[in-house]
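The values are calculated or read from the model by the stated rules, or taken from the named source; none is laboratory data. This one's a predicted model, so the numbers in the text were calculated from it and none came from an experiment. No Cβ is skipped: glycine too gets one built from the backbone with ideal geometry, and neighbour counts run over all protein chains shown. Ligands, DNA and RNA are excluded from the accessible area calculation, which covers all protein heavy atoms including side chains. Shrake-Rupley method; radii C 1.70, N 1.55, O 1.52, S 1.80 Å.
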Amino acid sequence: MRLEIESNHGANLQIHPIELLLRWQSHCSHSARQDQREHGHEALHPSPYSALWYQRRVRGGMKGFMAVLALVLPCTVTAVALPTQKQLDWMDLEVGAMIGFNLQSHCLATSDPGRSGQPCLSFGAATGSDPSAMQQGARRGWLPTLETVQRWKPTDLDTDKWAQVAKSFGAKYVVLVADHMSGFALWNTAQHNYSMASSLYKGGGGDVVADLVASCRSAGLEIGFFYSVHFNWWLGVHDFQVGHPRIDPTLPNLTQADYLSAAKAQLTELVSRFGEEGPFEIWFDGGTGPSAPVIGEHLRRIAPNAVCHSCYPNFTSAGTIRWMGNEDAMMPLPSWAASSPDLAEGNPHGEIFAPPSSDAVMREHYWFWANTSTGAAMGLTDSPHHLVRKYLTSVGRSSNLILNMAPDGRTGAVAPSDVTGYQAMDDALVCLFRDQVAQTGSGDHLTMQQDGKIIWRLDGSITSNNVSIVLREDQTHGQLVGNYSLFCSHSSSQPDSRTEPHCEMGNLPGVIPSYQYPDQRLQTGIGHKRILMIAQKTGESFDTITLHVYSHFAGGSLVQPSLRDIRIFDWTNTTDCY
């Protein structure tokens with residue numbers, strides 16, 4: 001069977017239907033690539049895949065027929081990276097806890113005054129910059145020696161309580177720092193004796209990793225682990241390379257092959273503690289550097305379903321997530337889920353879907369507990385104000401928030417002041433979002449119309465002059481919405497782009513900007529969740545929200561940008577929330 005098509009020059013062309021579809025597929029792919037080359041990753045432009053666009057660009061005898069084909073068989077190739085289901089699930093969790101508990105906690109916990117006599121090395125000693133301190137230990141150190149390990153006996157370590165503290169501030173998942181820079185292992189590794197097996201905790205039989213997995217599963221929390229191949233000072237590894245002075249300088253240095261073999265064995269040991277379900281997330285501190293090929297191949301075998309933090313996209317089938325560039329949970333705007341390998345910043349045309357993770361600490365900048373830290377710099381002691389702001393600048397900017405927990409190294413318990421601060425943060429967020437005044441119908445996605453508008457007609461009028469509006473994009477086909485504006489009106493009026501009033505956007509300085517581009521009243525990007533403010537004048541009201549999309553990254557009319565839902569909360573009486 002062959003189709004006969006009249007060309008632009010009057011000649012008849014014969015072509016097999018399969019060849020026609022292959023040519024069309026080639027056109028779609030070529031168009032996406034050419035568009036990226038011409039506009040660059042910063043260009044925010046309407047979808048090009050339409051019959052008119054094709055007629056303007058494509059040359060050749062089949063131009064007319066292919067233009068008609070564009071109407072009935074639009075390109076489904078998109079110019080954006082697509083998420084895995086695991087990545088979508090990870091974004092829905094929104095808030096996580098990273099637990100930093102290690103013998104580093106013990107060294108910091110014995111800071112002046114009242115430092116114990118247990119020897120801990122200074123940072124300079126551990127990194128080889130102070131040979132004498134390496135030999136003798138250092139009074140103001142923070143890295144434990146093996147002697148420290150052998151004396152360590154946390155008196156109140158209860159992983160069930162850790163899980164409950166994580167839940168208290170809204171965390172839906174936990175990442176345990178199982179192995180940090182020192183190389184101390186929170187489980188009984190078979191690769192060396194610098195681990196829980198050498199401690200007095202449970203007579204050397206304690207396994208904090210396995211215990212926390214059980215606690216989190218019981219509490220309904222997802223659970224993963226943090227592991228460092230970047231540094232392991234016990235094994236003499238610094239910046240991915242062996243040959244560095246070891247914490248115990250009497251031990252010989254390993255070869256690079258020896259170290260990679262030990263790292264692979266430890267990863268296998270860790271994954272085995274998560275049972276058939278496996279870890280939800282694996283986080284590599286500082287990435288995997290030149291070890292990436294070996295580590296990636298190993299992970300594909302032992303943990304294919306784990307979301308992988310700071311990894312290349314082929315490490316697991318679940319996909320990767322990325323660090324967003326700072327440790328203050330201040331997600332840069334615009335916020336994009338797509339990116340490129342080795343980059344912290346987003347890129348709407350990035351090759352991979354790698355949603356951002358925003359991490360933050362509770363106490364000054366200690367990831368591990370220290371009794372010299374009052375927490376005042378983070379607003380923990382007096383108010384959850386800073387923690388709420390971190391939620392709004394992370395989750396409210398389409399990034400997960402992962403907040404650290406640092407149990408006391410001497411006891412294993414979370415400090416009472418921290419417990420109070422976590423609960424106060426959750427209370428403040430519940431207060432801030434307690435008064436929902438409007439929400440789209442459950443399961444009813446709002447899809448962009450042909451005129452570029454997403455229209456939501458509310459059941460009643462919004463009269464408050466201070467509301468938050470929470471937008472959630474459907475990212476099944478990638479993050480598609482580019483530039484847009486919000487318009488507030490009444491359904492009784494006739495919408496007109498020339499007269500339709502913009503919503504008067506509110507501003508929380510340093511947290512929620514009124515516009516991405518104030519001169520044009522434009523916002524940029526939605527993603528998993530974007531929290532904005534509307535501050536209409538007293539006496540005004542609206543019952544219709546129109547989101548006018550001026551640019552998007554959809555690949556065809558069958559894949560249009562859409563929103564999962566919109567919610568509006570009254571923020572008029574929330575000044576006392578935090």
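Table for the structure above
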| quantity | calculated |
| --- | --- |
| Failed item in (1) buried (at least 17 other Cβ atoms within 10 Å of the Cβ); (2) under 26 Å from Ala263 (Cβ atoms), with Ser317 passing the rest | (1) |
| The stretch 279-290 residues that are closer than 21 Å to Ser358 by Cβ and touching a residue at least 60 places away in the same chain (Cβ under 8 Å), paired with ones that are open to solvent by 20 Å² or more (accessible area, probe 1.4 Å) and part of a helix (DSSP H, G or I) (beta carbon under 9 Å, 6 or more apart) | Phe280/Lys86; Phe280/Asp89; Phe280/Leu93 |
| Failed condition for His548, given (1) open to solvent by 20 Å² or more (accessible area, probe 1.4 Å); (2) closer than 22 Å to Cys431 by Cα; (3) outside any loop (DSSP other than H, G, I, E, B) | (2) |
| Inter-residue pairs, beta-carbon under 7 Å, first aromatic (Phe, Trp, Tyr) and in the stretch 514-526, second assigned to a strand (DSSP E or B), 6+ apart | Tyr515/Met505; Tyr515/Leu522; Tyr515/Gln523 |
| All positions within the stretch 284-310 that are farther than 18 Å from Asp239 by Cβ and open to solvent by 10 Å² or more (accessible area, probe 1.4 Å) | Glu297, His298, Arg300, Arg301, Ile302, Pro304, Asn305 |
| Pairs with Cβ under 6 Å, 6+ apart, first in the stretch 343-354 and at pLDDT below 90, second open to solvent by 20 Å² or more (accessible area, probe 1.4 Å) | Ala344/Trp323; Ala344/Gly325 |
| Selected residue (criterion: most open to solvent (accessible area, probe 1.4 Å)) from residues of the stretch 375-407 that are modelled with pLDDT of 90 or more and assigned to a helix (DSSP H, G or I) | Arg389 |
| Residue match in the stretch 518-535 (condition: assigned to a loop (DSSP other than H, G, I, E, B) and closer than 17 Å to Val437 by Cβ) | yes |
| Pairs with Cβ under 7 Å, 6+ apart, first in the stretch 320-334 and part of a loop (DSSP other than H, G, I, E, B) and β-branched (Val, Ile, Thr), second open to solvent by 40 Å² or more (accessible area, probe 1.4 Å) and at pLDDT below 95 | none |
| Hey, Glu504 surrounded by 14 or more Cβ atoms within 10 Å (Cβ to Cβ), under 25 Å from Trp90 (Cα atoms) and not aliphatic (A, V, I, L, M) or not | no |
| Of the criteria (1) of a type in the set (A, V, I, L, M); (2) surrounded by fewer than 22 Cβ atoms within 10 Å (Cβ to Cβ); (3) farther than 29 Å from Ile99 by Cβ, which one Ala424 fails | (3) |
| Every residue from the stretch 265-283 that is within 16 Å of Ala318 (Cα to Cα) and acidic (Asp, Glu) | Glu276, Glu277, Glu281 |
| Options Val549, Val559; residue that is within 13 Å of Leu480 (Cβ to Cβ), at pLDDT below 95 and more than 22 Å from the chain's Cα centre (by Cα) | Val559 |
| Within the stretch 205-246, tally of residues that are touching a strand residue (DSSP E or B) at 6+ places or on another chain (Cβ under 8 Å), more than 29 Å from Ala163 (Cα to Cα) and open to solvent by less than 10 Å² (accessible area, probe 1.4 Å) | 1 |
| Selection status of Thr574, within 24 Å of Ser358 (Cβ to Cβ) and either open to solvent by 10 Å² or more (accessible area, probe 1.4 Å) or in contact with a Pro (Cβ under 7 Å, 6 or more places away or on another chain) (or both) | yes |
